[in-house]
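The values are calculated or read from the model by the stated rules, or taken from the named source; none is laboratory data. Just so we're clear, the structure is a prediction, and the values are computed from it rather than from any experiment. Cβ atoms come from the backbone with ideal geometry, glycine included; neighbour counts cover every protein chain shown. SASA here: full protein model, heavy atoms, side chains in, ligands and nucleic acids out. Shrake-Rupley method; radii C 1.70, N 1.55, O 1.52, S 1.80 Å.
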Amino acid sequence: MKAIVTGGAGFIGSHIAEKLSDSGYSLTIIDNMHSGDIHNLGRIKGKYELVKGDSYVIQNQEKADAVFHEGIYSSTPMYRKDPSLVGKAITDFIAVLEYCRKNDVKLVFASTSSIYNGYEPPHRETMTPKVKDFYTEARYPMERLADLYSQMYGLKYCALRYFSVYGDGEESKKTYANMVSQIIWKGILDKELIIYGDGSQRRDLVNVADVTEANIMAHNKDVTGVFNIGGGKSHTFNQIIELVGQKLGKDIKVKYTENPLKNYVEVVEADTEKMKKILGFTPVVSIDEGINRAIAYYRRLDSVPDIF
Ligand SMILES: NC(=O)c1ccc[n+]([C@@H]2O[C@H](COP(=O)([O-])OP(=O)(O)OC[C@H]3O[C@@H](n4cnc5c(N)ncnc54)[C@H](O)[C@@H]3O)[C@@H](O)[C@H]2O)c1
């Protein structure tokens, strides 16, 4: 069995690749190495080929049995800096869709909970996105195109709207990493953490191990559509800071500053009904356990990325 993972040198993609490899898949990783790192591929135990390039190069690949598309610029600030990435995400995605259509293979791809910006929680798949930034402007058409391919050609797909994904192995994302990682790194390094606003913004955290499992289930199960992938409960930044501080046995130094970002996401919290009932997926890693694992991992590293 062969699987293609675009963005496989990134945080989530490399965890998916590791799991697939452990299950006996041979792998092709497509990654332009923008925020990915060769070091992440170290977690893949089996055979893999790395194709360095944008996701559209999937069009040159032989038939695979599974496709996971994570190779998309992964953070809001990247798109603010260069809004042309919106077009790039869509162009790459059409090549991925065409590949899946021609080879009759199911597509599982990363979408985002940012798509719910402007709605009060709980956030449900039935809410029509109000586009609030360039990042969501890229993701919403991807979901619509997948639906169109499903209507026109019977393509099977799962668009997974990840909530706030955290966990071990996120050091390659550096300043784009999840707040949990940033808090742990700052705590370990005894550096000051900058928080926009008063720390009351809320995130629905989901561990990367659970997200990986959700991807595999989405491939294996005969379901098509958009699914939230979240924990169903949100935590404030201040609660996470306190929890990490307790676990590290120190006070995290925090500086609260005015939030300079327009259309900032204040709160995300998943409605998990569809994910549980139709995809059959329930996260199992508690916040407590996930943060313990992440702290143990980052303490073991020779050096937490000193990027601040
Ligand atoms: N981490 C989260 O909390 C979160 C939440 C919602 C959605 N997502 C989405 O999940 C996906 C994976 O995110 P991640 O956290 O692993 O980030 P990441 O930056 O570690 O992973 C993205 C990977 O894709 C590669 N890449 C970027 N653009 C590419 C392109 N055009 N062609 C080929 N490769 C490309 C990068 O080099 C990187 O290896 C992204 O699409 C991201 O937007 C992540």
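The set of residues in the stretch 141-176 being in a helix (DSSP H, G or I), within 13 Å of the ligand (Cβ to nearest atom) and outside the structural domain of Lys186 (by TED's automatic domain parsing) consists of Met142, Glu143. For Tyr119, all conditions in the list (1) part of a loop (DSSP other than H, G, I, E, B); (2) more than 10 Å from the ligand (Cβ to nearest atom); (3) more than 23 Å from Leu205 (Cα to Cα) hold save one; what is the number of the exception? Of everything listed in (1) part of a loop (DSSP other than H, G, I, E, B); (2) more than 10 Å from the ligand (Cβ to nearest atom); (3) more than 23 Å from Leu205 (Cα to Cα), Tyr119 misses just condition (3). Of all residues in the stretch 32-60, those satisfying the criterion of being near the ligand (Cβ under 10 Å from one of its atoms), of a type in the set (D, E, K, R) and either loosely packed, with under 15 Cβ neighbours inside 10 Å or within 14 Å of His15 (Cβ to Cβ) (or both) are Asp37, Lys52. None of Glu18, Glu98 is within 22 Å of Ala159 (Cβ to Cβ), more than 10 Å from the ligand (Cβ to nearest atom) and in a helix (DSSP H, G or I) except Glu98.
The residue list Phe93, Phe109 contains one member that is open to solvent by less than 20 Å² (accessible area, probe 1.4 Å), in the same structural domain as Ile16 (by TED's automatic domain parsing), under 24 Å from Glu213 (Cα atoms) and out of contact with any His (no Cβ under 6 Å at 6 or more places or on another chain), which is Phe93. Within the stretch 21-40, being among the hydrophobic types (A, V, I, L, M, F, W, C) and part of a strand (DSSP E or B) holds for Leu27, Ile29, Ile30. Here Tyr135, Tyr162, Tyr153, Tyr116 are screened, and the one residue that is among the hydroxyl-bearing types (Ser, Thr, Tyr), touching a residue at least 24 places away in the same chain (Cβ under 8 Å) and over 30 Å from Lys262 (Cβ atoms) is Tyr153.
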